[in-house]
Amino acid sequence: MFHSVKMAKLSCCKCFALFFIWILQAPNSSGARVDSYDFIVVGGGTAGCVIASRCSENPNFSVLVLESGGVPIEDMDVPAFAPTFQVDPEWTFQYKSVPQANASLAYNGVINIPLGRALGGTSSINYMFFNRGSPKDFDNWANIAGDPSWNYSNMLQYFKKSENYAGQFPPTDQHGIGGPIMITNQSYAPGLDTWLEAGEALGYPISDPNGPQIISFTPIEYNKRSGRRVSSYTAFIKPFENTRSNLQVVTRAHVTELIMEGNKAVGVKYNNSNEIISVYATKEVILSAGAYGSPMLLQKSGIGPRDVLENAGITQIKDLPVGENLQDHPIVPIQLIINNKSLLFDPERDLTPENLELYQREGVGPYTTTAGLFAQAFVASTVATAEGEADWSDIQFSMYAQTFLTGLPDVSLGSWEAPIFAYPYLGRQKSRGTVKLDPTNINNQPLIDFNFLSDPRDFQITIDAIQMTMKIMEETVPYRFLGARYPPVPLTVCQDLHFRSEEYWECYVKQMLVGGNHPVGTCKMGIPADPETVVDSKLRVVGIDGLRVVDASIMPVITNANIQAAIFAIAEKGADEILKDWN
């Protein structure tokens, strides 16, 4: 049933692409080519699939989706294959940041940025964490946008609308039933009990990460059904692509610019098989190309900061801070050692033909895991406490129980020992970065500058996270029983500093901190009078008619956990706003 990821059936993807192109270009009953739609959705990713599906529920509205990638293949639904697809250029854009001054110095300051390049976007290649974030995140959005409809109590309806909850926590009014996104816990989770016991030993409650999120240790919940990925594409588009005549999807369609009439967006131009095609929207163009793609397209179309557009040789239509306010969840990987390999995911041991057969038959076993992810926690740093936010987590821990060593000091292991990775995320970073067109060639990948750790508070949060990791691993009985230890091997460039001192950890952070692949914020939502605002609370681009942005780029401040669930909710609310206007 499943094939090696290196044997993907690309011909099938091409057939689908050609089929959809044929539909788009087919003459209607009058013999004229169909070149206008009520709504054009640019980007068939995590948010775009939701928008297209919800808008096309009304048969009176015609919807066109333009996706630069292809149709996902079946292997992409197997969680264990996710790490392979994330480095495959057939299914991802492999962007790189500009060199960072305070991060990833072990890699010349450059941060790798894989982005999904297929229907479903990054939801088709990610690790499927399903974390809404803290209720305080959304209450904060409501304050910034001047619109209480973005607070958590109102956003809950949109989270529930997408969900079909089948996790391990008892059903409550916090979870949705019957939605297209199945939410389940991980059936194969070696080491989860140890992690939860350690949290309890430190006095933390064990809680539902979405019920709502509190300071706690938690299992991870995922958007999976029977151990298989449920992406935005498989949930919102695939069930309807052959039955809704008003929904058209074109793959391998790279949108090059918006078609503007004065201050109104009336359509787009896109490249498909080296043919430039113009299509028009009778109602709205909706950008759902993500925190990099949406600001790039706006800037290419003359909507953005004057200096960025002038450097790129683009005539400005509207001066807006497009591409500013970039945020992510930077990670500091920490390698530790334990003495029990049975509590880890070992690909060589676990990804066997027998386990593949088990997975195909029952949807359980090692093939349901991604890199051995099994547990997480949400805690507050000394910075959050000092700012009166001790109940609003700004550190998220993820535990990677997988037997590999990467990018860290060489450590000699006994035959009975194995590495385990703690990945503390900086959940509410204070630093802000930018996304700008490359002035030497606007069709290159954008210039992405995270500006990580430019705010000194972020340094303190990361050091707090490291110290917390050591406390969990070295001071709790469950991990002491496993002989958990941090190997006494300093990074070479930091070896002149006192090992494990605060100065040492600052050096370590600068060398090892990498991106979390959770980019947001580059088309910031806010009050129209605020000079930092790009879209209003209805997600309409300020000063431009017929144009909305509905994706992660509208987040004014990043949520304190993985962003996928929040993007689903943004898209559900965005679709609701669109339909309210046009119904």
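The values are calculated or read from the model by the stated rules, or taken from the named source; none is laboratory data. Remember, it's a predicted structure, so these values are computed and weren't measured experimentally. With ideal geometry, Cβ positions are generated from the backbone for all residues, glycine too; neighbour counts draw on all protein chains shown. Keep in mind that these areas ignore ligands, DNA and RNA; they rest on the heavy atoms of the full protein, side chains included. Shrake-Rupley method; radii C 1.70, N 1.55, O 1.52, S 1.80 Å.
Taking helices (runs of 4 or more DSSP H) as the structural unit, those lying wholly within region 129-209 and holding at least 2 residues that are closer than 27 Å to Gly48 by Cβ correspond to 135-145, 152-162. Mind checking whether some residue in region 543-557 is of a type outside the set (Val, Ile, Thr), in a helix (DSSP H, G or I) and either touching a strand residue (DSSP E or B) at 6+ places or on another chain (Cβ under 9 Å) or surrounded by fewer than 18 Cβ atoms within 10 Å (Cβ to Cβ) (or both)? Yes.
Looking only at region 46-66, filter to residues that are open to solvent by 10 Å² or more (accessible area, probe 1.4 Å) and in contact with a strand residue (DSSP E or B) (Cβ under 7 Å, 6 or more places away or on another chain); which one of those is farthest from Asn246 (Cα to Cα)? Checked region 46-66; the qualifying residue farthest from Asn246 (Cα to Cα) is Phe61. Within region 93-123, the residues that satisfy the criterion of being of a type in the set (S, T, N, Q) and over 22 Å from Gly176 (Cα atoms) are Gln94, Ser97, Gln100, Asn102, Ser104, Asn108, Asn112, Thr122. For Trp416, the conditions (1) open to solvent by 10 Å² or more (accessible area, probe 1.4 Å); (2) in a helix (DSSP H, G or I); (3) hydrophobic (A, V, I, L, M, F, W, C) all hold with the exception of (2).
Here the condition is being aliphatic (A, V, I, L, M) and surrounded by fewer than 21 Cβ atoms within 10 Å (Cβ to Cβ); of Met468, Met525, Met473, it holds for Met468 alone. Checked against (1) under 15 Å from Ile331 (Cβ atoms); (2) part of a helix (DSSP H, G or I), Glu503 passes all but condition (1). For beta carbons closer than 6 Å, sequence separation of 6+ or different chains, a first residue in region 505-524 that is without any contact (Cβ under 8 Å) to a residue 40 or more places away in the chain and among the hydrophobic types (A, V, I, L, M, F, W, C) and a second that is assigned to a loop (DSSP other than H, G, I, E, B) and open to solvent by less than 10 Å² (accessible area, probe 1.4 Å), there are no qualifying pairs.
Taking Gly178, is it open to solvent by 40 Å² or more (accessible area, probe 1.4 Å), free of Cβ contacts under 8 Å to residues at least 24 places away in the same chain, among the small types (Gly, Ala, Ser) and over 26 Å from Trp505 (Cβ atoms)? Against the criterion (open to solvent by 40 Å² or more (accessible area, probe 1.4 Å), free of Cβ contacts under 8 Å to residues at least 24 places away in the same chain, among the small types (Gly, Ala, Ser) and over 26 Å from Trp505 (Cβ atoms)), Gly178 qualifies.
Restricting region 476-491 to residues that are touching a residue at least 24 places away in the same chain (Cβ under 8 Å) and part of a helix (DSSP H, G or I) leaves a set whose member that is surrounded by the fewest Cβ atoms within 10 Å (Cβ to Cβ) is Val477.
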